[in-house]
1. Write down the accessible area per residue of the range 17-61 in Å², having rolled a 1.4 Å probe over the full set of protein chains.
2. Determine the dipole magnitude for the chain: charges of +1 sit on the beta-carbon of Lys and Arg, -1 on that of Asp and Glu, nothing else is charged, the reference point is the Cα centre, and the result goes in debye to the nearest 20.
3. Percent of accessible area on the chain owned by carbon and sulfur, 1.4 Å probe?
Amino acid sequence: MQLIINGQQQSYNGPINVQQLVEHLSLQNKRIAIERNGEIIPRSSFSEQLLNEGDQLEIIVAVGGG
């Protein structure tokens, strides 16, 4: 399955949900926001949101500091 993540095409085997993608990218303990095809995905539904071939995702990681 081909996904476009932050403008970069990436390949994954078989169906994958947003939670699995987050874990694959080692972002599970980070403050993130994910947009799929122009719509924000609530964190509470990451495990329910199956990704589809060609989905375009933007993943933003919040960085703290002063």
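1. Per-residue value: 66 Å².
2. 260
3. 44
The values are calculated or read from the model by the stated rules, or taken from the named source; none is laboratory data. All values reported here derive from a predicted model rather than from experimental measurement. Cβ coordinates were reconstructed from backbone atoms using ideal geometry, including for glycine residues, and neighbour counts include every protein chain displayed. These accessible areas exclude ligands, DNA and RNA; they are computed on the full protein's heavy atoms, side chains included. Shrake-Rupley method; radii C 1.70, N 1.55, O 1.52, S 1.80 Å.
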